[in-house]
Amino acid sequence: MNNSKLPVISIITVVYNDVHNIERTVRSIRNQKYPQIEYIIIDGGSTDGTLEVIQKNKDIISHWISEPDDGIYHAMNKGLNSATGDYVWFINSGDEIYSADTLNNIREYLQLNADIYYGEAMYIDRQGNEIGLRSEVTPHRLPDRLRWQDMNAGLVVCHQSFLVRRAVAPHYNLRHPHSGDIDWIIACMKKSEHVINTGKILSKYLIGGHSKQFHLRSLCDRYKVLQKNFGIIPNFIHHIAITIRALKHLKKKRR
């Protein structure tokens, strides 16, 4: 396929004072062999050396800004506003594209002009060591055919392994400051007609991110998101199932 006919992937990285992780993230974009990448970095006004890393890698960055924001999803909306590619993909600071061949490996799918491409995520620790696939180390199982209704079981697809056509990607709802990712994915899915499971590991996800730091708030916010989309009684029943599944998974891990 002629490179000029390949879709442009706008990869967006949101960062704030994360000098110890941002370079690994940027390196994973630099190493991509796929030729049609627009790379955008949205920095929240870092003062710890993060800007020096950004400056050092200006040759691969299409656009970057550094200014205060009102939280992670406000910053991600800035990234959406800056993107001009056919698809958007959020790989935030500390996370990585899985391998240098990841985008090249899904070229055949990118020719199918789908609205959404998704896949697995590999969990990593602070040292970059692989912990295991998300479907193996969490209660979440990645559906073979993802539908927005599958979100009644929680965030069954990793945000970092979810590429969306920019034309169907809405802004993040800032009324959900801790679970805006699941709200956004549901909104994307509702607007999409053609969704493809790549069958590939697309990203490395650094554990202990925003949702872990604000775990209880994230759970409460998720409850509101799912209630909005599924209704009061179904959401209550779904959360009982989510809790039972989580407890079974925890029991299995302790064996």
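Those residues that are small (Gly, Ala, Ser), at pLDDT below 95 and closer than 16 Å to GLY208 by Cα, I need them from segment 124-144; list them, please.
Matches in segment 124-144: GLY128 only.
Can you spot a residue in segment 105-114 that is modelled with pLDDT of 95 or more and within 16 Å of the chain's Cα centre (by Cα)?
There is no residue in segment 105-114 that is modelled with pLDDT of 95 or more and within 16 Å of the chain's Cα centre (by Cα).
If I go through segment 38-84 residue by residue, how many of them are acidic (Asp, Glu), under 19 Å from HIS20 (Cβ atoms) and not in a loop (DSSP other than H, G, I, E, B)?
Of the residues in segment 38-84, 2 are acidic (Asp, Glu), under 19 Å from HIS20 (Cβ atoms) and not in a loop (DSSP other than H, G, I, E, B).
Residues being out of contact with any strand residue (DSSP E or B) (no Cβ under 6 Å at 6 or more places or on another chain) and assigned to a helix (DSSP H, G or I): count how many of those fall in segment 106-144.
Selection size over segment 106-144: 5.
Counting only residues that are over 23 Å from the mean Cα position of the chain (by Cα) and in contact (Cβ under 8 Å) with a residue 24 or more places away in the chain, which one in segment 222-242 is farthest from ILE185 (Cα to Cα)?
Across segment 222-242, the extreme among qualifying residues is ALA241.
How many residues are in contact with a strand residue (DSSP E or B) (Cβ under 8 Å, 6 or more places away or on another chain), under 15 Å from ARG141 (Cα atoms) and among the aliphatic types (A, V, I, L, M) when one looks only at segment 153-167?
Of the residues in that region, 1 qualify.
Could you list, in sequence order, the residues of segment 156-169 that are in contact (Cβ under 8 Å) with a residue 40 or more places away in the chain and part of a loop (DSSP other than H, G, I, E, B)?
CYS158, ALA169
Quick check, is ALA187 under 20 Å from ASN229 (Cα atoms), of a type in the set (Gly, Ala, Ser) and without any contact (Cβ under 8 Å) to a residue 40 or more places away in the chain?
yes
Among the residues of segment 170-183, is there at least one that is touching a Ser or Thr at 6+ places or on another chain (Cβ under 7 Å), touching a residue at least 12 places away in the same chain (Cβ under 8 Å) and either in a helix (DSSP H, G or I) or within 27 Å of ARG27 (Cα to Cα) (or both)? Break it down into steps so the answer makes sense when it comes.
Keep residues of segment 170-183 that are touching a Ser or Thr at 6+ places or on another chain (Cβ under 7 Å), which gives 178-179.
Next cut, touching a residue at least 12 places away in the same chain (Cβ under 8 Å) only: 178-179.
Keeping just the survivors that are either in a helix (DSSP H, G or I) or within 27 Å of ARG27 (Cα to Cα) (or both) gives none.
No, segment 170-183 has no match at all.
As an exercise: evaluate THR198 against (1) among the polar types (S, T, N, Q); (2) assigned to a helix (DSSP H, G or I); (3) in contact with a Ser or Thr (Cβ under 9 Å, 6 or more places away or on another chain) and give the number of the one condition it does not meet.
Unmet condition: (2).
Would you please name the residue that is surrounded by the most Cβ atoms within 10 Å (Cβ to Cβ), looking only at residues in segment 145-155 that are modelled with pLDDT of 95 or more and in a loop (DSSP other than H, G, I, E, B)?
Among those that are modelled with pLDDT of 95 or more and in a loop (DSSP other than H, G, I, E, B), it is LEU146.
The values are calculated or read from the model by the stated rules, or taken from the named source; none is laboratory data. Model, not experiment: these values are computed from the prediction. Cβ sites come from the backbone with ideal geometry, for glycine too, and all protein chains shown count toward neighbours.
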